[in-house]
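What follows is one structure encoded as structure tokens, with my remarks underneath.
The values are calculated or read from the model by the stated rules, or taken from the named source; none is laboratory data. All values reported here derive from a predicted model rather than from experimental measurement. Don't worry about glycine lacking a Cβ; one is built from the backbone with ideal geometry, like all the others, and counts go over all protein chains shown.
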């Protein structure tokens, strides 16, 4: 089994990376392979709502970040963990830009696979960021791995997050839960859609 760990921070080796590393340590101890990806610190193109991905099965833009993530998904992963720093009480904008495109164009590669979001902040906004990340999973039929608390960790200076004992413990508990969910999902058939998809626009 394999998990994609997506680092949504512009700092490759910062607190978000350290939080994801704590998750990776537990998953690897559980015998689960981890694939670590960093979104980088270059501009990330956002979704323009063209709808072409519905026909093409992929985004019309071919930037390297999108291609790298899509290649990992096409190769097959069994779960997804996304980590983000908190900016103005929300996730990194570049992370949201790539997640919008991935979930619109390649959500079928992730549907029914367990997921978890991690937010790292200095002081406030972590729960709003956590909520935003989980919305990607919840709209895509992805079971969300819980823990003993929300998967939030605190730290500002590089490495400071390691001092958040409760935060790190919460991430370890989530990782164990995620491993359990992955093993369960591997032996169970997900529910089949029993009704045609309905889309209602709230327009009068």
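Here are the numbers for the structure shown:
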item: The one condition in (1) assigned to a helix (DSSP H, G or I); (2) in contact (Cβ under 8 Å) with a residue 40 or more places away in the chain that residue 65 fails to fulfil; result: (2)
item: Condition broken by residue 74, with the remaining ones in (1) in contact with a helix residue (DSSP H, G or I) (Cβ under 9 Å, 6 or more places away or on another chain); (2) buried (at least 17 other Cβ atoms within 10 Å of the Cβ); (3) assigned to a helix (DSSP H, G or I) satisfied; result: (2)
item: Residue pairs meeting the criteria (Cβ under 8 Å; at least 6 apart or on separate chains; first closer than 15 Å to residue 104 by Cβ, in region 137-149; second buried (at least 19 other Cβ atoms within 10 Å of the Cβ) and modelled with pLDDT under 95); result: none
item: Some residue of region 89-101 being surrounded by 21 or more Cβ atoms within 10 Å (Cβ to Cβ) and more than 15 Å from the chain's Cα centre (by Cα); result: no
item: Test set (1) farther than 16 Å from residue 5 by Cα; (2) out of contact with any helix residue (DSSP H, G or I) (no Cβ under 7 Å at 6 or more places or on another chain); (3) surrounded by fewer than 15 Cβ atoms within 10 Å (Cβ to Cβ) - residue 149 fails condition number; result: (2)
item: Candidates 183, 122, 176, filtered to the one that is surrounded by fewer than 18 Cβ atoms within 10 Å (Cβ to Cβ) and either within 20 Å of residue 7 (Cβ to Cβ) or at pLDDT below 95 (or both); result: 122
